[in-house]
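> The structure is given below, and queries will be raised subsequently.
The values are calculated or read from the model by the stated rules, or taken from the named source; none is laboratory data. Worth saying up front: this structure is predicted, and the values here are computed from it rather than measured. Neighbour counts run over all protein chains shown; Cβ positions are idealised from the backbone, glycine included.
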Amino acid sequence: MLATALAGEEGISELFSYDVEILSANQSITAETMIGDKAKLVILPEEGEGRIVHGMIAQWWASAVIAQDLRQYRVRLVPWLWFLGHSTDCRIFQNLNVPDIIEQVFKTFGFTDYQMSVSRGDYPKLEFCVQYRETALNFVSRLMEEVGIFYFFRHDEDRHVMVIADKNASFKPLPDQQLYYAPDGRRRQVTQWEHGYDFRPGRWAHRDFNFETPSTDLTATEKTVLKLRRADAFERYDYPGRYLQKSRGTELTKGLMQAEEAAHQSAWGTSNYARLATGGKFTLAEHPCESKSSVYVIRRVRHQATDNTHLANVTAEATHYSNNFEAIPHDVPFRPMRVTEKPFVHGPQTAMVVGPTGEKIHTDKHGRVRVQFHWDRYGKHDERSSCWIRVSQAWAGRGWGSVHLPHVGHEVVVSFLEGDPDRPLITGRVYNGENEKTMKMPDNKTQSGLKDHAGNEILMEGKGGSEDIRVHAVKDMHVTVDNDREMHVKAHLKETVDKGQEVTVHQGYKETITEGATATISDGKKLTVTGGSTVDITGEYKTTVTGPTKHSSTETTDIHATGAGTYTSDASLKFAVAGSVIEITPTAITITSGPSTVKLDASGVAVSGPKISLN
């Protein structure tokens, strides 16, 4: 194949693209054999070594047959990274830093032609990082931009290598390290050179929030090193900063300020030096205004070339090559601007709560849970499916509030702070076909309440005429009132205790019954009173005992009636004081004191004793 024309562009943190027109005697080359294949292009100047461009064919055009039975084709060469723009996914990465995530993405597609020129220890692990409805290219691009990583491509004979870097030391000299300014167009020369400067703000500021240290001010500010008039009055401020420690916020804010400073000045030029390549360093000599010791880096370059030497009877210029480039000072740290948009979650989603096998409630000290998102094709519905996610509660005070944890298998509503897929927050719960409501609907549509997994329940019935509140404790129930408790029942109160009941009153106890009381005790009653007992009854007092009755006092006993007093027994009455006894039976009354006895019965009075005295 013979190349007749090319137009190509490449830049730092940009995909290169070369459109090449070619001629071939093979008039039946198909796209199936070309697209996706590797290709090498060599730009050969009239003097010196050529420039190699290695890429992969992304597009193929077949044109008409022209003179000499050659068919014209057009091909577009791109880097392998370009193909990542044709893969969209939703994928979760956990506890990995940005370089590790980038490598995992590249590994997914089988690409290994990259050079990771960063110190991995400089990048903290991200607890939760989501590729959400975006291309793999968009995903890795924005991650690099967020942390200040840039890339460019090195072209070899048989491959092109993506150089991933974060320091200017990764920029290497061009094959000819010194270029010459010569408007007359001599070879290896810069024919035009223009140095431009742009206004930049004087400060960058960030702020974020860490719920584990909510009182900590995470504001991070970085001032520019540029000496620009009025710059101090202008500041770029953004929230959230996507960091949880102030030290990390300071690093990110410094990188953003460096990106502004790197965009402050550039040099634009034209050249006939074909070996200009992105990331290449050079100095410029023989310029009337530029120092020959100043080192520049190619930020962006556009190549144009034609070669008609393969065609007969060509009257136009047979060959031509030129380029336009942008260069930046090497002594200014380069950082890419954040230009790749992060996906936005446009509303809440639902997800399933997950945990280890056999564990019904999986949580941490903050009451957070893990979920499996419906869009996640890689999660295994276990404790590794997501990061810990905070759960919204009805109240959340310092040591007070409500706590209702979602259980494994529950469906929850997940919102995202600032619409950021990396910052989920559970804001609700919903029933589904497998987790049905506690009340059968619509039959019990007037009911509401709470019921936990054990069966503890508060049920409220709001149906007219059947209004009811029911409380059910599966096992124990404890109620503590720090001050007074008052209960008013306007109709009947019924309490049933299947086993024992114990009431302890540490101070006074008062019970008032206005319309009579009935107490039925089936298996005995024991009453112990310490400190005296008084019973005041207005009206009749009657006690009926179906078994024996016994009254015992360790001290004196007084019985007083202001009216008449009556003791009645169908069998007998007996009064005893030590050895003296008065016994009354239906047929006799016997008085005994020691050996002396007086007995009264229907036959008369009988008196006996050691000595009988009658007055």
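> Looking at the range 53-68, can you tell me whether even one residue there is in contact (Cβ under 8 Å) with a residue 24 or more places away in the chain, assigned by TED's automatic domain parsing to the domain that holds Gly8 and not in a strand (DSSP E or B)?
Yes, that holds for at least one residue.
> Say whether the condition of being touching a Gly at 6+ places or on another chain (Cβ under 6 Å) and either outside any strand (DSSP E or B) or under 17 Å from Gln177 (Cβ atoms) (or both) is met by at least one residue in the range 317-327.
yes
> So, one more: Does Thr278 count as of a type in the set (S, T, N, Q), buried (at least 21 other Cβ atoms within 10 Å of the Cβ), under 17 Å from Thr224 (Cβ atoms) and in contact with an Asp or Glu (Cβ under 7 Å, 6 or more places away or on another chain)?
no
Yes/no per residue for (1) among the polar types (S, T, N, Q); (2) more than 30 Å from Thr4 (Cβ to Cβ):
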{"position": "Arg275", "(1), (2)": "no, no"}
{"position": "Pro336", "(1), (2)": "no, yes"}
{"position": "Gln349", "(1), (2)": "yes, yes"}
{"position": "Val353", "(1), (2)": "no, yes"}
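> From the list Ser24, Ser13, which residue is on the phi > 0 side of the Ramachandran plot and touching a residue at least 12 places away in the same chain (Cβ under 8 Å)?
Ser13
> Considering only the range 147-171, how many residues are surrounded by fewer than 19 Cβ atoms within 10 Å (Cβ to Cβ) and not in a strand (DSSP E or B)?
Of the residues in the range 147-171, 7 are surrounded by fewer than 19 Cβ atoms within 10 Å (Cβ to Cβ) and not in a strand (DSSP E or B).
> Then there's this: Being within 17 Å of Arg470 (Cβ to Cβ), in contact with a Lys or Arg (Cβ under 7 Å, 6 or more places away or on another chain) and not hydroxyl-bearing (Ser, Thr, Tyr) is the filter here, so list the residues in the range 399-458 that pass it.
The one that is within 17 Å of Arg470 (Cβ to Cβ), in contact with a Lys or Arg (Cβ under 7 Å, 6 or more places away or on another chain) and not hydroxyl-bearing (Ser, Thr, Tyr): Glu457.
> Can you tell me how many residues in the range 463-497 are exposed (fewer than 10 other Cβ atoms within 10 Å of the Cβ) and part of a strand (DSSP E or B)?
Within the range 463-497, residues that are exposed (fewer than 10 other Cβ atoms within 10 Å of the Cβ) and part of a strand (DSSP E or B) number 0.
> I'd like the full set of residues that are charged (D, E, K, R), surrounded by 14 or more Cβ atoms within 10 Å (Cβ to Cβ) and under 34 Å from the mean Cα position of the chain (by Cα), limited to the range 445-462.
Lys451, Glu457
> Can you say whether Ile57 is over 30 Å from Tyr123 (Cα atoms) and buried (at least 18 other Cβ atoms within 10 Å of the Cβ), as far as the supplied structure shows?
Yes.
> If I ask for residues that are outside any loop (DSSP other than H, G, I, E, B) and within 22 Å of Arg338 (Cα to Cα), which ones from the range 258-273 would you list?
Residues satisfying the conditions are Gln258, Ala259, Glu260, Glu261, Ala262, Gln265, Ser266, Ala267.
> Still on this structure: Determine the pairs where a residue that is of a type in the set (A, V, I, L, M), located within the range 193-213, has a partner that is assigned to a strand (DSSP E or B) with Cβ atoms under 6 Å apart, the partner being 6 or more residues away or on another chain.
As it stands, the answer is Ala205/Thr221; Ala205/Glu235; Ala205/Tyr237, since those pairs meet every condition given.
> Being part of a loop (DSSP other than H, G, I, E, B) and β-branched (Val, Ile, Thr) is the filter; apply it to the range 1-48 and report the residue that is surrounded by the fewest Cβ atoms within 10 Å (Cβ to Cβ).
Thr30
> Being at pLDDT below 95 and aromatic (Phe, Trp, Tyr), is that true of even one residue in the range 79-97?
No; the residues of the range 79-97 include none that is at pLDDT below 95 and aromatic (Phe, Trp, Tyr).
> Enumerate the pairs (first residue in the range 466-495 and under 30 Å from Thr514 (Cβ atoms); second residue anywhere and among the aliphatic types (A, V, I, L, M)) with beta-carbon separation below 7 Å, excluding pairs fewer than 6 apart on the same chain, so at least 6 apart or on different chains.
Close Cβ pairs satisfying both conditions: Ile469/Met460; Arg470/Leu459; Val471/Ile458.
Here's the yes/no breakdown for (1) assigned to a loop (DSSP other than H, G, I, E, B); (2) over 27 Å from Asp166 (Cβ atoms); (3) basic (Lys, Arg); (4) not assigned by TED's automatic domain parsing to the domain that holds Pro421:
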position	(1), (2), (3), (4)
Val225	yes, no, no, yes
Arg236	no, no, yes, yes
Pro240	yes, no, no, yes
Ser247	no, no, no, yes
Leu256	no, no, no, yes
Arg275	yes, no, yes, yes
Thr283	no, no, no, yes
Thr306	no, yes, no, yes
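> Filter the range 387-439 for residues that are aliphatic (A, V, I, L, M) and part of a loop (DSSP other than H, G, I, E, B) and give the result.
Correct list: Ala394, Val403, Leu405, Val408, Met439.
> In the range 187-220, how many residues are closer than 19 Å to Pro288 by Cα and loosely packed, with under 11 Cβ neighbours inside 10 Å?
3
> Please tell me if Glu261 is under 25 Å from Trp204 (Cβ atoms) and either in contact (Cβ under 8 Å) with a residue 24 or more places away in the chain or among the aromatic types (Phe, Trp, Tyr) (or both).
The answer is yes for Glu261.
> Which ones in the range 588-597 are hydrophobic (A, V, I, L, M, F, W, C) and either closer than 15 Å to Ala576 by Cβ or exposed (fewer than 12 other Cβ atoms within 10 Å of the Cβ) (or both)?
Those that are hydrophobic (A, V, I, L, M, F, W, C) and either closer than 15 Å to Ala576 by Cβ or exposed (fewer than 12 other Cβ atoms within 10 Å of the Cβ) (or both): Ile589, Ile591.
> Regarding the range 72-80, can at least one residue be identified that is closer than 26 Å to Arg275 by Cα, assigned to a loop (DSSP other than H, G, I, E, B), among the hydroxyl-bearing types (Ser, Thr, Tyr) and outside the structural domain of Asp382 (by TED's automatic domain parsing)?
No, the range 72-80 has no match at all.
> With in contact with a strand residue (DSSP E or B) (Cβ under 8 Å, 6 or more places away or on another chain) and closer than 23 Å to Ala169 by Cβ as the only criterion, which of Ala274, Ala285, Ala267 stands out?
None of the others qualify; the one that does is Ala267.
> While we're on this one: Quick one: Pro442 ticks every box in (1) exposed (fewer than 10 other Cβ atoms within 10 Å of the Cβ); (2) at pLDDT below 90 except a single one, so which number is it?
That leaves (2) as the condition not met.
> Still on this structure, I have one more. Is it the case that the range 286-293 has a residue that's in a strand (DSSP E or B), over 42 Å from the mean Cα position of the chain (by Cα) and either under 27 Å from Glu222 (Cβ atoms) or not polar (S, T, N, Q) (or both)?
Checking the range 286-293: not a single residue is in a strand (DSSP E or B), over 42 Å from the mean Cα position of the chain (by Cα) and either under 27 Å from Glu222 (Cβ atoms) or not polar (S, T, N, Q) (or both).
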